[in-house]
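Peer 1: Below are the structure tokens for one structure; questions will follow.
The values are calculated or read from the model by the stated rules, or taken from the named source; none is laboratory data. Since the model is a prediction, treat every value here as computed from it, not as a measurement. Backbone-built Cβ (ideal geometry, glycine too); neighbour counts: all protein chains shown. Just so you know, the surface numbers come from the protein's heavy atoms only, side chains and all, with ligands and any DNA or RNA stripped out. Shrake-Rupley method; radii C 1.70, N 1.55, O 1.52, S 1.80 Å.
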Amino acid sequence: SYTESLADLVRWRPYPEWQGALDGAWGDGFCNEWVGGYLDRYDAGVRDVIESFVSNASSPISDFKLARLGGEFARTAPQDTAFGFRDTRYAYVIQTRWPMTDDAARHLQWTRDFHIAMQTHDTGNVYSNFIGKDEPDARVADAFELQTSERLRRVKTAYDPGNMFCLNHNIKPA
């Protein structure tokens, strides 16, 4: 159990600041894997999973982020942006990072095990940037509400019918 905070970084932030908060930490020479999801609640079960895995992280430069949603995020209508599930209370991401010289299998297994444990508590939906590289393409459907997915497929068909921008999980053309 933790008795003392190492840092207090809790404060209101504009979204662009939050989005770029870690840009300086992602230098060359490291491997990365991240996966995540949404939570409707933060309770003892969720806390126990987080505490168990974070206290036994495979790499000291890995981390776990839990973002409290709400506010303007929750007030934005689903059709106004690509990002849905705005009534969800939390987003989480497991960010595993290790030197390229380390054993990748060990770090990836820790990530998978942590994610599986979190999925027993999450909503089944995911922020599109938190879809892991080894997750199936079908996981993209978990990132968008049905109407949004259909709208994005129409946009993709109009602007990228050949699916040239396909190096990550993405919306396929209609």
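Peer 1: Out of the stretch 38-50, which residues are surrounded by fewer than 14 Cβ atoms within 10 Å (Cβ to Cβ) and outside any loop (DSSP other than H, G, I, E, B)?
Peer 2: Passing the criteria: ALA44, GLY45, ARG47, ASP48.
Here is a yes/no grid of residues against (1) over 17 Å from TYR127 (Cβ atoms); (2) among the small types (Gly, Ala, Ser):
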{"site": "ALA7", "(1), (2)": "yes, yes"}
{"site": "GLN19", "(1), (2)": "no, no"}
{"site": "ASP28", "(1), (2)": "yes, no"}
{"site": "GLY45", "(1), (2)": "yes, yes"}
{"site": "ILE61", "(1), (2)": "yes, no"}
{"site": "PHE64", "(1), (2)": "no, no"}
{"site": "PHE73", "(1), (2)": "no, no"}
{"site": "ALA77", "(1), (2)": "yes, yes"}
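Peer 1: Restricting to the stretch 155-174, name every residue that is in a loop (DSSP other than H, G, I, E, B) and open to solvent by less than 50 Å² (accessible area, probe 1.4 Å).
Peer 2: If the condition is that a residue be in a loop (DSSP other than H, G, I, E, B) and open to solvent by less than 50 Å² (accessible area, probe 1.4 Å), then ASP160, ASN163, HIS169, ASN170, ILE171, PRO173 are the ones that fit.
Peer 1: Moving to a separate point now. So which pairs qualify, if the first residue must be in the stretch 83-103 and within 15 Å of ASP122 (Cβ to Cβ), the second must be small (Gly, Ala, Ser) and at pLDDT 95 or above, the Cβ gap must be under 6 Å, and the two must be at least 6 apart or on different chains?
Peer 2: TYR92/GLY36; VAL93/GLY36
Peer 1: Please go through (1) open to solvent by 40 Å² or more (accessible area, probe 1.4 Å); (2) farther than 20 Å from PHE144 by Cβ; (3) touching an Asp or Glu at 6+ places or on another chain (Cβ under 6 Å) for GLN95 and return the number of the only condition it doesn't satisfy.
Peer 2: Just one mismatch for GLN95, condition (1).
Peer 1: Would you check which residues across the stretch 77-114 are among the acidic types (Asp, Glu) and modelled with pLDDT under 95 and list them?
Peer 2: Answer for the stretch 77-114, where residues must be among the acidic types (Asp, Glu) and modelled with pLDDT under 95: ASP80, ASP87, ASP102, ASP103.
Peer 1: Take the residues of the stretch 54-75 that are open to solvent by 30 Å² or more (accessible area, probe 1.4 Å) and over 20 Å from TYR42 (Cα atoms): which is modelled with the lowest pLDDT?
Peer 2: Ranking the candidates gives GLU72 first.
Peer 1: Quick one: which of ALA67, ALA74 is in a strand (DSSP E or B) and small (Gly, Ala, Ser)?
Peer 2: ALA67
Peer 1: Moving to a separate point now. If you take the residues of the stretch 30-49 that are touching a residue at least 24 places away in the same chain (Cβ under 8 Å) and of a type in the set (A, V, I, L, M), which of them is farthest from ASP113 (Cα to Cα)?
Peer 2: Ranking the candidates gives LEU39 first.
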